[in-house]
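Worksheet: the structure to be examined is printed underneath.
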Amino acid sequence: DAMVIQNPRYQVTQFGKPVTLSCSQTLNHNVMYWYQQKSSQAPKLLFHYYDKDFNNEADTPDNFQSRRPNTSFCFLDIRSPGLGDAAMYLCATSRDPRETQYFGPGTRLLVL
Amino acid sequence: DQQVKQNSPSLSVQEGRISILNCDYTNSMFDYFLWYKKYPAEGPTFLISISSIKDKNEDGRFTVFLNKSAKHLSLHIVPSQPGDSAVYFCAASGTRDDKIIFGKGTRLHILP
């Protein structure tokens, strides 16, 4: 089945220790998104790629970076995780911006 | 500043009755609205959408109503079933945007 896959589902890291979350898709969609969602909050868009074109949200901290080496894969790098970065991280894809987004199951990040 | 507001964090409805989830928005440039459903430990899944040129869109048990003058939309589920218990996110986007803005979600409990 075509889908959006996120690994790992749960990630534990230490304060300040770099961590990478991964997302892959078999939908061949042009756009890939990374969202951060904290408990009882709306998913917050961090950045998205439209093909290779990277779009950073203005309020996304510099601590967060992303890579998209090819159409299928997109990575979220957190350079120095703080306690406030503990959250669910959702990856999504869409064929074009504003079209329906398809979400992965998310990676729950815990920072110790 | 929340552009998409879901003022009810939770809602309980008897099985077989109608569930009505509400959403308000502040940005008059929004012209496309979506509802996503999220089960625990899963990513949001697209449920139904509506364009601002319409005031109603129906898909099986799910109907979305849009009142542009009031900047309000609602999702009706009838009849409600146990499997409808989930968190429902309202989302919106505008013509010039290449992203969607989510509300905080409403947790729907379907009571037996």
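Some observations on this one:
- Here the range A:6-60 has an Rg and Dmax of 13.0, 35 Å, counting Cα atoms alone.
- Label zone at B:LEU11 (point 7 Å along Cα-to-Cβ), backbone N below 14 Å, the range B:18-33: B:18-24
- Equivalent ellipsoid semi-axes - Cα gyration tensor, chain A, angstrom: 22, 14, 13
- Centre separation in Å (Cα based) which lies between the range B:8-30 and the range B:41-86: 8 Å
- Dipole magnitude of the protein assembly as shown about its Cα centre (Cβ charges: Lys, Arg +1; Asp, Glu -1), debye to nearest 20: 320 debye
- Sites listed here are trypsin sites (Lys or Arg not before Pro) in the range A:1-60 whose DSSP assignment is loop and whose Cβ has at most 10 other Cβ atoms within 10 Å: A:LYS52.
- Contact order relative to length of chain A, as percent, for alpha carbon pairs under 8 angstrom and 6 or more apart: 38 percent
- Computed label-point distance, nm, for sites B:GLU58 and A:SER80 using a 7 Å Cα→Cβ extension: 5.8 nm
- Pairs from the list B:LYS38/B:LYS104; B:LYS5/B:LYS38; A:LYS17/B:LYS38; A:LYS17/A:LYS52 with a Cα-Cα gap above 23 Å: A:LYS17/B:LYS38; A:LYS17/A:LYS52.
- For chain B: relative contact order, % (alpha-carbon pairs under 8 angstrom, 6 or more apart): 37 percent
- Positive contributions from Lys and Arg (+1) and negative ones from Asp and Glu (-1), summed over other residues with Cβ under 12 Å from the Cβ of B:SER80, come out at 0.
- Oblate is the label for the range B:36-112, because the ratio a/c of its alpha-carbon gyration tensor axes (a ≥ b ≥ c) is 1.5 or higher and a/b is not greater than b/c.
Computed from the coordinates by the stated procedures, all read-outs in this text should not be read as laboratory data. Note that the structure is a prediction, hence the values are computed from the model and not measured. Using ideal geometry, Cβ is built from the backbone for each residue, glycine included, and neighbour counts are taken over all protein chains shown.
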